[in-house]
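Here is the structure we will look at.
The values are calculated or read from the model by the stated rules, or taken from the named source; none is laboratory data. Predicted model, so just to flag it, every value in this text is computed and none were measured. Positions of Cβ are backbone-derived with ideal geometry, glycine not excepted, and every protein chain shown enters the neighbour counts.
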Amino acid sequence: MKLHIYKNGTLLSSSGNLTRLNFNTESNSVFLIGYNTTGDYIFKNKSLEDFRIYNKSLSTGEITQLYNQVMQTSYSINFPQNTVVQLLLSDNLKYIEETPLTINGQTTINVGNPSTFNTITTNTNAIAFNSGYVSTITGTSITYNSPLVIIRYRYTRPPASQVQTINSNYKYFSFARTALNQTLHSMNFLENTEVQLAILSNTYSKYVSPFIQPAGKINIIVGNSGGHSSFGSISTNTETTPYNTANSDITGTNTSYTQAIVIIR
């Protein structure tokens, strides 16, 4: 039997043949680490973490996999809408800085050896940083030389439509679906305002006759992926009859709608 010594997942040395270690669980024998039977401490004031005994010899690949598991911290971020991200990933030795790309949805991030962002990893096309890599991804020139993942992002959601004029008395705003999940908007009414609503999710529609909306801020949610749409406390979640095509003249023109939108006249 040979003894192999690994450091940071890399084989340092191998010994010659060793006598097999026997563990007799039915006897009073004791297996000691860092201590001998004469009562002398070989290693004082030290500690072991995640100590394991296997019933087989581990391969080099298995050793590397175990090291990576211990040396990684996992995170996840959900981007509910199209988002442009720029990435800097580094591990103990290498870095990779990605040009901006657009993502949407759940992402998986691992910081360690290797560092990863979804399928992007420092195991592929990464560059050795030697004493450190200088990046301005945060807006400031900083030298990095340890495992990390930095995500610089910018939402690409288009702005809500500008005020549209119907006639001398009425105008309207519309908030269309722009993301895979529900999208939050808000409006601030500077004074008491008469409003009329058409609220559509991808499944249900709700029409509200004119009423007085008090001055102040109101939240607007445009639903998607099964989510409801709402204007304040008024929501499509009270509706039970789905639509295929919804027709409304709330904008002054009879228009057919087939997906989530909130229109405020």
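Of the residues G112, G39, the single one that is at pLDDT below 90, more than 14 Å from the chain's Cα centre (by Cα) and closer than 30 Å to Y155 by Cα is G112. Within the set N92, N104, the sole residue that is in contact with a Leu (Cβ under 8 Å, 6 or more places away or on another chain) and either part of a loop (DSSP other than H, G, I, E, B) or not hydroxyl-bearing (S, T, Y) (or both) turns out to be N104.
Starting from residues that are over 19 Å from the mean Cα position of the chain (by Cα) and of a type in the set (A, V, I, L, M), keep the ones in the stretch 168-188 and report whichever is farthest from T83 (Cα to Cα). Only one residue tops the list, namely M187. Highlighted here are the strands (runs of 3 or more DSSP E) found entirely within the stretch 195-265 that include at least 2 residues which are of a type in the set (F, W, Y): 205-213. Take Q182 and decide whether it is buried (at least 19 other Cβ atoms within 10 Å of the Cβ) and in contact (Cβ under 8 Å) with a residue 60 or more places away in the chain. Here the answer is yes, as Q182 does meet what is asked.
If only one of F189, F173 is modelled with pLDDT of 90 or more and either more than 28 Å from Q259 (Cα to Cα) or in the same structural domain as I221 (by TED's automatic domain parsing) (or both), which one is it? Reasoning before the result, please.
On the way: F173 fails: modelled with pLDDT of 90 or more.
The match here is F189.
With respect to the conditions (1) assigned to a strand (DSSP E or B); (2) within 30 Å of T245 (Cα to Cα), Y153 lacks only one, and its number is (2). Put simply, of I166, I212, I250, I199 the only residue that is surrounded by 14 or more Cβ atoms within 10 Å (Cβ to Cβ) and out of contact with any Lys or Arg (no Cβ under 6 Å at 6 or more places or on another chain) is I166. Run down Y257, Y204 and say which single residue is touching a residue at least 40 places away in the same chain (Cβ under 8 Å) and over 30 Å from I96 (Cβ atoms). So the residue among Y257, Y204 that is touching a residue at least 40 places away in the same chain (Cβ under 8 Å) and over 30 Å from I96 (Cβ atoms) is Y257. In the set (1) more than 22 Å from Q162 (Cβ to Cβ); (2) surrounded by fewer than 18 Cβ atoms within 10 Å (Cβ to Cβ), Y204 fails one condition alone, (2).
Which count do you get for residues in the stretch 118-150 that are assigned to a loop (DSSP other than H, G, I, E, B) and at negative phi? Reasoning before the result, please.
Looking only at the stretch 118-150, we keep the residues that are assigned to a loop (DSSP other than H, G, I, E, B), and these are 118-119, 122-126, 129-132, 136-141, 145-147.
Those left that are additionally at negative phi: 119, 122-124, 126, 129, 131, 136-138, 140-141, 145-147.
Residues meeting the conditions: 15.
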